[in-house]
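Below: one structure, written as structure tokens.
The values are calculated or read from the model by the stated rules, or taken from the named source; none is laboratory data. Given the structure is predicted, the values throughout are model-derived calculations rather than measurements. Methodologically, a virtual Cβ is constructed for each residue, glycine included, from the backbone with ideal geometry; neighbour enumeration extends over all protein chains shown. Ligands, DNA and RNA are excluded from the accessible area calculation, which covers all protein heavy atoms including side chains. Shrake-Rupley method; radii C 1.70, N 1.55, O 1.52, S 1.80 Å.
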Amino acid sequence: MAQIAVFAALIAALGLPGAITVGFSGVPITVQTLGVILAPAVLGARKGTAAVAVFIALTIIGLPLLSGGRTGLTALAGPSAGYLVGWIPAALVIGLLTARIVPRYSLVLALVINAVGGIAVIYLFGTLGLLLRTDLGVLAAIQANGVFLPGDLLKVVVATVVAKGVHRAYPGLIRG
């Protein structure tokens, strides 16, 4: 329970730097997806997904924990709705796949896992959200993700390196 709370708090703290809205989609760039990738990479599917779900639940009940002081209801009403919703399946995918590579935690496999969950899954949901919440066409909604890719790749690398160190120090953290 404490691990779930700590990672939910970490995701909230990663919102403190704020958000930068770039491009034409109206979706902000935030550091919070680093926490969404890191939680299941460290804690596994059950606890990592729970940490993300607790964080989202706190924002939906009105706490302004999302970057820029937004609440979950504000985000769900706007173009970033799909990205926020995608955090939960992304955490689940990362956690389930990470459990398959521990205790060894191959850096290359972990990078792929974190990229699949932290980028591909979130972008899939984000694109669907853009299609539902904006007037963008399919191609424009897919292209809107391009502005996020460099930062998200960096977040995947950081999360993977941190998780590797944690799994080296605490090899039984995720039961494979």
State the Cα centre-to-centre distance between the range 145-176 and the range 39-57 in whole Å. 14
How far is it, in nm, from the label point at VAL6 to the one at ALA120 when both lie 7 Å from their Cα along the line to the Cβ? 3.0
Testing the spin-label approximation: label points 7 Å from Cα along Cα→Cβ at ASP135 and ARG100. State their distance in nm. 4.3
If you average the sequence gap of Cα pairs under 8 Å that are 6 or more apart and divide by the length of the chain, what percent do you get for the contact order? 26
Sort VAL166, VAL42, VAL6 by accessible area with a 1.4 Å probe, largest first. VAL6, VAL166, VAL42
For THR21, other-chain or 5+-apart residues with amide H closer than 5 Å (H placed, Pro excluded) are ILE29
Just the accessible area per residue of the chain, please: how many Å² with a 1.4 Å probe? 47
Which one of ILE60, PHE7, PRO150 is farthest out on the positive end of the charge dipole of the range 1-169, using unit charges on Cβ (Lys, Arg +1; Asp, Glu -1) and the Cα centre as origin? PHE7
Mind checking the full-extension length gain between VAL157 and ARG46? Use 0.36 nm per residue of separation minus the Cα-Cα distance, one decimal, nm. 37.7 nm
Going by the alpha-carbon gyration tensor, a ≥ b ≥ c the square roots of its eigenvalues, is the range 1-144 rounded (a/c under 1.5) or, if a/c is not under 1.5, prolate (a/b greater than b/c) versus oblate? oblate
May I ask you to give the percent of accessible area on the range 1-169 that is carbon plus sulfur, with a probe radius of 1.4 Å? 76
